Amino acid sequence: MAIIPEIQQHYGKLQFYIDGNWVDSKSDVVYEDVNPANGDVIAEFPSATDEEIEAAIQSAQAALAAWRDVPLRDKARYLFDLRGKFETHFDMLCRVLVQDHGRTIAEARGTIRRCIENIESACSACMLLTKGEFVLDLAKGLDQTLYWEPRGVFLIITPNNIPMHAWSSFVPYAIASGCPVVVSPSKNDPVCLDAIFKVTAEVEGFPPGLVNLVYGGSDVNQKILSHPLVKGVGFIGSTGVGKQLFELAGKLGKEASINGNGKNHVVIMPDCNVDAVVDGLLRGCYGMAGQRCLGTDNLLFAGSAMDAAREKFIEASAGMKMGYGLDDTTQLGPMVSEKGRSKVLEFIETGIEEGAKLALDGRAKTVEGGEKGFFVAPTILENVHPDMIVAREEAFGPVANLIPIRDLDEALDWINNKDAYGHSACIFTRDGYIARKFMDEADVGNVGINVPVPQPFAFFPLGSKNESALGIAKSRIDSLRLFLDQKTVTARWA
């Protein structure tokens, strides 16, 4: 066992980053940031005042013109410099993410690698996808040109479950598009964004105000989005909060990219490789303690697949090591907050009240040294039916439902029901026909074939649909459609 040291035990009172400077807040409202593995307070952070919100937005607006004057190849070079800063500070960012969020060090390394991939993707988009179109002599002596222009200042809201990855799903693309941002992180893990902005501040070439950081909550977010200079919002979080933001954006005539909840399914067919399935399900159900939109709750075992995999999955789940993610042998970290932990425990209790049976109970398992942490061990429910809350709503924790089904058609009925979120679904099979049918007929935005988590690479959008996504664009590379607007020029020269 090797315990990796923390970067700092306490990060002090966090500052805002406005107009290229670290700024002490004058707010009387101050919150505490807690390490979810042990309950220790690791930072304090203020809620932005109206004056501080205004300063951040005005700074961003001033940067809009300054960044527009930077040549395209220089923009790309500065973005590539940002990539290099992430590589330089890779280990620091990983350790901060573990300490502030609670995931394991292996999961953190994967996350920062994803962030770097998004920056690389934004570099490519800056050079290739911001190009316009031109037609010579569309009519006699008449030329037509299409330009892409930055819309303006955007609000970016990062969630508590993927604070750094969500930043990378929007901010590098906003920079590539020419749009300054004001970032408002979740109140559960602000140290993560403090670390990212310290890394970003090292890039020489970004004008002051291109990226700004303030803290607060829903009231701060609404004030920022309602400001006349702010053109829209990029959000990853719950569908409920996302719908409120989408409604506000619609009333204000602003753009939005809203990424919400999922209730995801994995279908296990009888011809699968059972050992590979069990290994994959541990990551799909319990990765990041189940706190991700691509995680899986409902495991649909077709025909004899349940008999082959049930005991192996339960045994493997029970054997997972919980603990602080900076112990490199830890397989399962805590929930990000006590509120999140309580919601998962309530979710399990709701399932029991509805008639579900516990095949594995992880509610009372403790972690040495983590008695004040927010831990929930792997929990497995059986006797789950489609009309149950636990069958339809996202657990957002390390909870799996074992559900026997007849065949693929019944699996598709589960996935495509009228209350479905439409986020993602996976299937394990060696049958090409079955896989193709599943790919075509599953009404979700992200499909996995023999993978437990259908995570698109950065240069693909997160293809959520239905209740899982609202707005003009998906996140990642597709967010260019959020940040860029079109202008056509018709010119006659002869």
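The values are calculated or read from the model by the stated rules, or taken from the named source; none is laboratory data. It should be emphasised that the depicted structure is a prediction, and the values quoted were computed from it without experimental measurement. Neighbour counts are summed over all protein chains in view; Cβ atoms, including those assigned to glycine, are modelled from backbone coordinates with ideal geometry.
The table below gives the values:
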read-out	value
Condition check for PHE45: assigned to a helix (DSSP H, G or I), of a type in the set (Phe, Trp, Tyr), modelled with pLDDT of 95 or more and in the same structural domain as ALA195 (by TED's automatic domain parsing)	no
Per-region count, the range 300-358, residues in a helix (DSSP H, G or I) and among the polar types (S, T, N, Q)	3
Any chance VAL96 is at negative phi and part of a loop (DSSP other than H, G, I, E, B)	no
Condition met for ALA65 (crowded, with 20+ Cβ neighbours inside 10 Å and either in a helix (DSSP H, G or I) or free of Cβ contacts under 8 Å to residues at least 12 places away in the same chain (or both))	no
Every residue from the range 306-347 that is without any contact (Cβ under 8 Å) to a residue 60 or more places away in the chain and touching a helix residue (DSSP H, G or I) at 6+ places or on another chain (Cβ under 8 Å)	ALA308, ALA309, LYS312, ALA316, MET320, VAL344, PHE347
Count - residues of the range 462-480 that are assigned by TED's automatic domain parsing to the domain that holds SER124, in contact with a helix residue (DSSP H, G or I) (Cβ under 8 Å, 6 or more places away or on another chain), assigned to a loop (DSSP other than H, G, I, E, B) and buried (at least 19 other Cβ atoms within 10 Å of the Cβ)	2
Among the candidates PRO172, PRO159, residue that is out of contact with any strand residue (DSSP E or B) (no Cβ under 8 Å at 6 or more places or on another chain), modelled with pLDDT of 90 or more and closer than 30 Å to GLN291 by Cβ	PRO172
Which listed residue is more than 20 Å from ALA305 (Cβ to Cβ) and not in a strand (DSSP E or B), from VAL390, VAL384, VAL451	VAL390
Qualifying residue in the range 16-38 (condition: touching a Leu at 6+ places or on another chain (Cβ under 8 Å), part of a helix (DSSP H, G or I) and at pLDDT 95 or above)	no
Those residues of the range 280-308 which are over 22 Å from the mean Cα position of the chain (by Cα) and at pLDDT 95 or above, in sequence order	LEU299, LEU300, PHE301, ALA302
Condition broken by ALA56, with the remaining ones in (1) part of a loop (DSSP other than H, G, I, E, B); (2) over 18 Å from PHE374 (Cα atoms); (3) in contact (Cβ under 8 Å) with a residue 24 or more places away in the chain satisfied	(1)
Answer from GLY178, GLY152, GLY141 - the residue that is surrounded by fewer than 22 Cβ atoms within 10 Å (Cβ to Cβ), in contact with a strand residue (DSSP E or B) (Cβ under 6 Å, 6 or more places away or on another chain) and within 22 Å of ILE224 (Cα to Cα)	GLY152
Residues that are touching a Phe, Trp or Tyr at 6+ places or on another chain (Cβ under 9 Å) and either free of Cβ contacts under 8 Å to residues at least 12 places away in the same chain or hydrophobic (A, V, I, L, M, F, W, C) (or both), drawn from the range 34-53	VAL34, ALA37, ILE42, ALA43, PHE45, ALA48
Top-ranked residue of the range 396-430 - restricted to ones that are touching a Lys or Arg at 6+ places or on another chain (Cβ under 9 Å) and assigned to a loop (DSSP other than H, G, I, E, B), ranked as surrounded by the fewest Cβ atoms within 10 Å (Cβ to Cβ)	ASP419
Pick from the range 308-344, criterion of a type outside the set (D, E, K, R) and exposed (fewer than 15 other Cβ atoms within 10 Å of the Cβ), ranking: nearest to ILE7 (Cα to Cα)	THR329
Residues being under 26 Å from VAL211 (Cβ atoms) and either outside the structural domain of GLY234 (by TED's automatic domain parsing) or surrounded by fewer than 19 Cβ atoms within 10 Å (Cβ to Cβ) (or both) - total across the range 127-138	5
Selection within the range 419-473 - within 19 Å of PHE246 (Cα to Cα) and among the basic types (Lys, Arg)	LYS465
